[in-house]
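Worksheet: one structure, shown below.
The values are calculated or read from the model by the stated rules, or taken from the named source; none is laboratory data. Predicted, not measured: the structure shown is a model, and the values here were computed from it. Reconstructed Cβ throughout: ideal geometry from the backbone, glycine too, with neighbour counts over all protein chains shown. These accessible areas exclude ligands, DNA and RNA; they are computed on the full protein's heavy atoms, side chains included. Shrake-Rupley method; radii C 1.70, N 1.55, O 1.52, S 1.80 Å.
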Amino acid sequence: MSALLEIRHLKVQIAQQTICTDLNIAVQPGQCWAVLGVNGAGKTTLLHTLAGLRPAQSGEILIQQRPLTAYSRRELAQQLGMLFQEIQDPFPSTVLETTLMGRHPYTKSWQWETAEDYRIASEALTHVGMHHLTERQINTLSGGERQRLAVATLLTQTPRLFLLDEPTNHLDLQYQHLILKLFNQYAEAHGCAVVMILHDINLAATYCDQAVLLFRDKEPECGPSEELLTEPHLSELYSYQIRKIAGPDNRSIFVAL
Amino acid sequence: MRPVQHSTLYKRPIIVLIFLACLAPASILLALNMGSVPINIADWLQIFDAADQSRPLDMILQLRLPRTLSAFITGGLLALAGVLMQVLLRNPLADPYILGISGGAAVAALLAMLAGLSGYGLTGSAFLGALLSMFLVFSIAHGQGAWTPTRLLLTGVVIAAGWGAIISFILSISPARNLHSMLFWLMGDLSYSPSPTAGAVILLLALVGSGYYAKSLNILARSELTAESLGIAVGHLRIKIYLLASIITASAVTTAGSIAFVGLITPHLLRLSGVHDHRFLIPAAVLLGGVILVLADAVARTWLAPQQLPVGVITALIGVPLFLYLMHKSAHNL
C-alpha cells in the first residue's frame, strides 16, 4: 500500500520560530494521526504547510507519490481537504448552499450541481445530524452547529486526505465523539487518512493510532500513539504533570494533576 | 432522510429573477411616460402608423429613451460593481466607490470642467482619472506581496480621502459659474451622459466575465482559506475581480458621476430577499440596479420640473428608508 501523504526532510518556519527542521512522516490509508502540542508550537502552521497554503522552507511533501507543488489547486482540492479553526460568514447563506460548496472542485464554471452532488451533500448533512436544518440561515446556527456544518462541507468535498484543525471545537461531548468516530469509520471504509490537531489527549488516544508531538524548542517526535502518549513524553510536551491511570474496559485515562 | 432537491434551493432566486426581468421593461416604459409632455396610448400606437409623418413621439423618445437606457445601464453597472467589491473586500459595507475610483474620476472631471472641456473631453478625462486611481491603489496595496482585503481596503479608503481633499480644494478655488455643474457631477447626474451603447457593451462583457467566476465568488465570500482549500487560486481571482470591478465602476462613474447608494444597497436588497448564490445574485443585481436608477432618474427629472435634481439625491432619499425597513423586517437574514 502506498502512502497518501509522505513528508521528507520537511523544514517549516514561521516568523523567527522553527517548527521542524527534518520531519519525516508517511501517512498510510486508513490511518488517523493526532498532532499535539502547546499553544504556539506551530500545529496550525504545519497543517497549512501540508495543505499547500504556505510554502515549506525545504523538504518535500508528496500527495499520493506526487509532489504537492505539482498539483493545481483544483486537483489538490480533489485529494486533500481541510477543516479550519475559525469560521466566518459575512454574507447570508443557507446550510444546504454552504454544504454544496464542497463540490466546487468537481464542477466547472458554468456547471450546476448534479443530483449526485445533492445526494453527497445531504448524506454528509445526515452524518453530522443536520439534515433537518438544510434551509436554515447559517448565521442563526450555534457554534457547535456551525462546526458540524463545516465538517459536512468537508465530507461533501470527498478528499482522500483530511487535515482537521481542532475538529472538536465548540462541540458538546456527544458530538466530539460522534464526529471523530465518523472520521475514523470514513477513513477505514474509503481508504482515506486523517491528520488532526487535538488538545484532548484522551480523544487522541482513543481515535488516533499515530501521533506527532510538536515541542516548542526541539524537533517533533512521531510514531504510534501507544509509544508516544506516555506520562514522561506528555508531561514534557505540555510542561505540566500528566498521569496515566487505569480506566474501565482496559483503557487508560490521562489526567492533568 | 428527507431528499434534497434543486427546486427547494433555487425556487426563491428564480422567482426573484423572473419578477425583476418583468419589472425592468415595465420601469423603462414608465420612465418614458414620465415628463413634462405626457405620452398617451394614442401616441404609442403612432409608432406603428407609418403614414403619420408628424410623430411628436419621436422627439420625446430621442430625448428620453437614451437617458432612460443610460440610467438602466449605469444602475446595472453600479450594482454589479457593488456585488464584486463586497466579495473582494469580504465586507458588507463595501460599495463601488470605496476604493477611491470615483474620487479619481471626480478630480479629473472637475479639472476638465475648469479647463472648459465638455462632452467626450469630460467623460474621457473622468475615465482616465478612474483608471489612474485604480492602478494607484492596486500598486500600493500590492507593494510587499501580501494582498489582504484589509490592506486593500485601507489603501483604497486612504486614497479616496486624498481625492476628497483635492475635490474640496478644486471646489473652493473654482469660479462660481462652474460650481453648479460640478456639484451635479459629484452628486451623480445623468443629464450629460453620452450615448448608452458603450455602457451597454461594457455591461454585457462584465456580466459574462463575472458570471464565469460566480461559483468561485460564493466561496471567496466566505473565507480565503476555505476558497484556497476548495481549489480556487485566490490570489489570481482577487486581482481579476479587482480589475473587473474597477473597470465597471469607472464606466459607471464616467457616464453619470458618483451616484450614491445603488451599488451598496442593491446586493443587500437581493440577499435579504433570499438570493445568496452569485449565479443568481449577479444577473439579479444588474436588473434591480437598473430598475432603481431608471425610476430614481424619472423622479429626478419630473419631481420639481422644470428644475432637475441630481439623481444621486433621489437614490439616497428612496434607498435609505427602503433599506432600513427591509433590514428591520428580516433581522435574521443579514
Here, helices (runs of 4 or more DSSP H) confined to the range B:186-273 with at least 2 residues that are in contact (Cβ under 8 Å) with a residue 40 or more places away in the chain are B:197-220, B:234-256, B:262-272
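Tally the residues that are assigned to a strand (DSSP E or B) and out of contact with any Gly (no Cβ under 7 Å at 6 or more places or on another chain), restricting the search to the range A:212-257.
Just the residues of the range A:212-257 that are assigned to a strand (DSSP E or B), to begin with: A:212-214, A:221-224, A:242-246, A:252-256.
From what is left, the residues that are out of contact with any Gly (no Cβ under 7 Å at 6 or more places or on another chain) are A:212, A:221-224, A:242-246, A:252, A:254-256.
Summing the residues that are assigned to a strand (DSSP E or B) and out of contact with any Gly (no Cβ under 7 Å at 6 or more places or on another chain) in the range A:212-257 gives 14.
Does A:GLU188 qualify as being farther than 16 Å from A:LEU46 by Cα and open to solvent by 10 Å² or more (accessible area, probe 1.4 Å)?
On the way: farther than 16 Å from A:LEU46 by Cα: yes; open to solvent by 10 Å² or more (accessible area, probe 1.4 Å): yes.
The answer is yes for A:GLU188.
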All conditions in (1) within 30 Å of B:THR150 (Cβ to Cβ); (2) at pLDDT 90 or above are true of B:GLU224 except (2)
Across the range B:274-311, the tally of residues that are among the hydrophobic types (A, V, I, L, M, F, W, C), open to solvent by 10 Å² or more (accessible area, probe 1.4 Å) and assigned to a loop (DSSP other than H, G, I, E, B) stands at 4
Restricting the range A:154-168 to residues that are in a loop (DSSP other than H, G, I, E, B) and open to solvent by less than 10 Å² (accessible area, probe 1.4 Å), the one nearest to A:LEU36 (Cα to Cα) turns out to be A:PRO167
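Any idea how many residues of the range B:71-123 are of a type in the set (Ser, Thr, Tyr), over 11 Å from the mean Cα position of the chain (by Cα) and under 16 Å from B:GLY312 (Cβ atoms)?
Filtering the range B:71-123 for residues of a type in the set (Ser, Thr, Tyr) gives B:74, B:97, B:102, B:118, B:120, B:123.
Subsequent filtering for residues that are over 11 Å from the mean Cα position of the chain (by Cα) retains B:102, B:118, B:120, B:123.
So of that shortlist, the ones also under 16 Å from B:GLY312 (Cβ atoms) come out as B:102.
Final tally of qualifying residues: 1.
Answer yes or no: is there a residue in the range A:3-10 that is within 13 Å of chain B (Cβ to nearest Cβ), out of contact with any helix residue (DSSP H, G or I) (no Cβ under 6 Å at 6 or more places or on another chain) and at pLDDT 95 or above. Lay out the reasoning, then the answer.
Step one: filter the range A:3-10 for residues within 13 Å of chain B (Cβ to nearest Cβ), giving none.
Taking every residue of the range A:3-10 in turn, none turns out to be within 13 Å of chain B (Cβ to nearest Cβ), out of contact with any helix residue (DSSP H, G or I) (no Cβ under 6 Å at 6 or more places or on another chain) and at pLDDT 95 or above.
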Here the residues within the range A:140-153 that are surrounded by 20 or more Cβ atoms within 10 Å (Cβ to Cβ) and farther than 26 Å from B:VAL275 by Cβ are A:GLN147, A:VAL151
In the range B:216-231, anything open to solvent by 20 Å² or more (accessible area, probe 1.4 Å), at the interface with chain A (Cβ under 7 Å from one of its Cβ atoms) and farther than 18 Å from A:LEU96 by Cβ is listed as B:LEU225, B:GLU228
Here the residues within the range A:1-21 that are assigned to a strand (DSSP E or B) and closer than 23 Å to A:VAL38 by Cα are A:ILE7, A:HIS9, A:LEU10, A:LYS11, A:VAL12, A:GLN13, A:ILE14, A:GLN17, A:THR18, A:ILE19, A:CYS20, A:THR21
* A:LEU171 being open to solvent by less than 10 Å² (accessible area, probe 1.4 Å), away from chain B (no Cβ under 12 Å) and either out of contact with any strand residue (DSSP E or B) (no Cβ under 7 Å at 6 or more places or on another chain) or part of a loop (DSSP other than H, G, I, E, B) (or both) -> no
Considering residues that are in a helix (DSSP H, G or I) and surrounded by fewer than 22 Cβ atoms within 10 Å (Cβ to Cβ), the number found within the range A:191-204 is 2
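Out of all the residues in the range A:18-55, which are hydroxyl-bearing (Ser, Thr, Tyr) and either away from chain B (no Cβ under 14 Å) or open to solvent by less than 10 Å² (accessible area, probe 1.4 Å) (or both)? Please lay out each step first, then the result.
Initial filter on the range A:18-55 (hydroxyl-bearing (Ser, Thr, Tyr)): A:18, A:21, A:44-45, A:49.
Within the range A:18-55, A:THR18, A:THR21, A:THR49 qualify.
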Residue pairs within 7 Å by beta carbon, gap of at least six or interchain, first lying in the range B:164-185 and touching a residue at least 40 places away in the same chain (Cβ under 8 Å) and farther than 22 Å from B:TYR97 by Cα, second buried (at least 17 other Cβ atoms within 10 Å of the Cβ) and of a type in the set (A, V, I, L, M), listed first then second, are B:SER174/B:MET182; B:ASN178/B:MET113
Every listed condition ((1) open to solvent by 50 Å² or more (accessible area, probe 1.4 Å); (2) at positive phi; (3) in contact with a Gly (Cβ under 9 Å, 6 or more places away or on another chain)) holds for A:ARG8 save (2)
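Tell me the residue from B:ARG64, B:ARG90 that is modelled with pLDDT under 95, buried (at least 16 other Cβ atoms within 10 Å of the Cβ), outside any loop (DSSP other than H, G, I, E, B) and in contact with a Lys or Arg (Cβ under 9 Å, 6 or more places away or on another chain), please.
On the way: B:ARG90 fails: outside any loop (DSSP other than H, G, I, E, B).
That would be B:ARG64, the only listed residue that is modelled with pLDDT under 95, buried (at least 16 other Cβ atoms within 10 Å of the Cβ), outside any loop (DSSP other than H, G, I, E, B) and in contact with a Lys or Arg (Cβ under 9 Å, 6 or more places away or on another chain).
Residues being open to solvent by less than 20 Å² (accessible area, probe 1.4 Å) and more than 7 Å from chain A (Cβ to nearest Cβ): count how many of those fall in the range B:232-249. Walk me through how you get there before you give the answer.
Residues of the range B:232-249 that are open to solvent by less than 20 Å² (accessible area, probe 1.4 Å), as a first pass: B:232, B:234, B:237-238, B:241-242, B:245-246, B:248-249.
Applying the additional criterion that residues be more than 7 Å from chain A (Cβ to nearest Cβ) yields B:234, B:237-238, B:241-242, B:245-246, B:248-249.
So the count comes out to 9.
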Of the residues in the range A:140-153, those that are among the polar types (S, T, N, Q), assigned to a helix (DSSP H, G or I) and more than 15 Å from the chain's Cα centre (by Cα) come to A:THR140
Among the residues of the range B:163-185, the number that are surrounded by 14 or more Cβ atoms within 10 Å (Cβ to Cβ) and either within 14 Å of another protein chain (Cβ to nearest Cβ) or under 20 Å from B:VAL137 (Cβ atoms) (or both) is 4
Within the range B:93-144, of all residues that are open to solvent by 10 Å² or more (accessible area, probe 1.4 Å) and polar (S, T, N, Q), the one modelled with the lowest pLDDT is B:GLN144
